[in-house]
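Shown next, in C-alpha cells, is the structure this report addresses.
Taken together, the values in this text are just the output of simple stated rules run on the coordinates, not laboratory data. The structure presented is a predicted model; accordingly, all values stated were derived computationally and were not measured. Glycine also receives a Cβ, built like all others from the backbone with ideal geometry; neighbour counts cover every protein chain displayed.
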Amino acid sequence: MSLGQLESYLLWATAVMAVVVILTILIYYWYSRKNSNNYLENDDLELRYFIQKQVDYRGQTTGYECLLRQHHADGTWSLPQKLDSLPLQRVIFLLTDTFKSLPEEPITLSINLEFDQILSPDFHYFVRWALARISPMKLAVEYTASVNQPRHKRWLFRRRIREARAYGMQFGIDNVGASLNNLKSIEWILPEVDSLKCSMRSFRKTDPDEWLDLNLQFWNRLSQRNHIELILMGIEDASDQRLADQLKIQTRQGYLFARPTNPKRGYDHE
C-alpha cells in the first residue's frame with residue numbers, strides 16, 4: 001500500500017468514525033429527551049384512580065374498573081394525557097390507597113395499562129403485587145389496542161401476557177369499536193384474551209346512513225366463538241339495557257348503573 005493510499009484510507013476511516021460519533025450523540029439526545037418527557041412522572045400532578053362498578057343482567061355488582069384521573073385547579077378531574085408515560089412504580093403507589101376502599105369479595109378488579117407499561121420489566125412484579133393485595137378479588141389487566149403499535153414487539157408483549165395469565169391474571173382488550181382497524185389490531189393477540197369491552201358510544205349513529213364496518217353483534221359472535229367474555233360499556237338508558245338483554249351480554253358498565261367515583265369520598269356497593 002502506497003503512502004497516498006494509506007492517507008486516503010485513514011481519511012475515510014476518520015470520516016466514518018465522525019459520522020458514527022455524531023449519530024451516537026443524536027440518538028442519545030433523542031432518547032434522553034424522550035425519557036425526560038415522561039409527563040406523568042411529575043409528582044406535582046395530582047393523580048387518582050376512580051372506581052366504576054360493573055354489573056350483571058340482574059344488576060348485581062360483578063366487578064370494578066380503576067380509571068385514572070388528573071385533578072385540575074378548578075376542582076375537576078379528567079383523563080390524563082400521555083398515559084404511557086406513567087411508570088408502573090407510580091401506578092402501584094396510586095393503587096395502594098385505592099385498594100383500601102375495595103370490598104373483600106371474589107369479584108373482578110380491572111386496571112387499564114398501556115402497551116409500553118405491559119412491556120416494562122416491572123410488569124411481572126406489578127401483577128404479582130396486585131394479585132396479592134386484592135385477594136380474594138380477581139385481577140384483570142386491560143389495554144386499548146392500536147394498529148400503530150410496533151409489530152416487532154408483539155412477541156414480547158404476548159409473552160408478558162401469557163406469563164401473567166399463568167399467575168392468575170385475566171387479560172382484556174378495552175374499547176373495541178366499529179372500525180375494521182379495531183379487529184386488525186387485536187387478531188394477533190386473541191388467543192390470550194379473556195374479555196373484550198365494547199362501548200355503546202362507538203355504535204350510536206348520528207346519521208341513519210352512516211356506515212359501520214363492524215356492529216355490536218359482530219363482536220358478540222366473535223366473543224362466543226373464541227370463548228371470550230364480552231363486556232358492554234357506556235350503557236346510559238333503558239334502551240341500551242334492552243339491547244344488552246337482547247344480545248344476552250352478561251357484564252355491563254355505564255352511567256345507568258354508576259358513574260366513576262372518587263374512592264376518597266366513598267362509593268355505593270350492592
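Under 1.5 on a/c is rounded, so check that first for the range 198-260, then, if it is not, pick prolate when a/b is larger than b/c and oblate when it is not; a ≥ b ≥ c are the square roots of the alpha carbon gyration tensor eigenvalues. Because a/c hits 1.5 or more and a/b fails to exceed b/c, the range 198-260 counts as oblate.
Here r is the Cβ-Cβ distance between LYS138 and ARG259 and R0 is 25 Å; the resulting FRET efficiency, rounded to 0.05, is 0.60. Distance between the pseudo-spin-label points of ARG154 and TYR167 (7 Å out from Cα toward the beta carbon): 2.5 nm. Given R₀ = 22 Å, what would the calculated FRET efficiency be for ALA73 paired with PHE93, taking r from the Cβ atoms and rounding to 0.05? The formula returns an efficiency of 0.45 here. Around the amide H of GLN54, modelled in the peptide plane, lie the amide H atoms of THR62, GLY63, TYR64, GLU65, all under 5 Å away and 5 or more residues distant in sequence or on another chain. Take the Cα of LEU243, step 7 Å toward its Cβ, do the same at HIS124, and the gap between the two points is 4.3 nm. At ASP207 and TRP12, where each label point lies 7 Å from the Cα along Cα→Cβ, what is the point-to-point distance in nanometres? For the pair ASP207/TRP12, the computed spacing is 6.1 nm.
Cross-link check: pairs LYS100/LYS264; LYS53/LYS100; LYS138/LYS184; LYS82/LYS197; LYS53/LYS197; LYS53/LYS138 evaluated at a Cα-Cα cut-off of 18 Å; pairs beyond the cut-off: LYS138/LYS184; LYS82/LYS197.
The ARG225 and LEU131 beta-carbon pair, evaluated with R₀ = 30 Å, returns a calculated FRET efficiency of approximately 0.55.
Taking amide H positions as modeled 1.01 Å from N, with prolines and chain starts lacking one, the residues under 5 Å from GLU229 and 5 or more places away or on another chain are SER195, LEU196.
Applying both filters, DSSP loop and at most 11 other Cβ atoms within 10 Å, to the GluC sites (Glu not before Pro) of the range 73-171 gives GLU104.
Taking a ≥ b ≥ c as the square roots of the eigenvalues of the Cα gyration tensor of the range 120-270, is the shape rounded (a/c under 1.5), prolate (a/b larger than b/c) or oblate? Oblate, because a/c is 1.5 or more while a/b does not exceed b/c. Take every DSSP beta bridge whose two residues both sit in the range 43-265; close to 35 percent of them are antiparallel. Taken over the range 142-204, the convex hull of the Cα atoms encloses 73 Å³ per residue.
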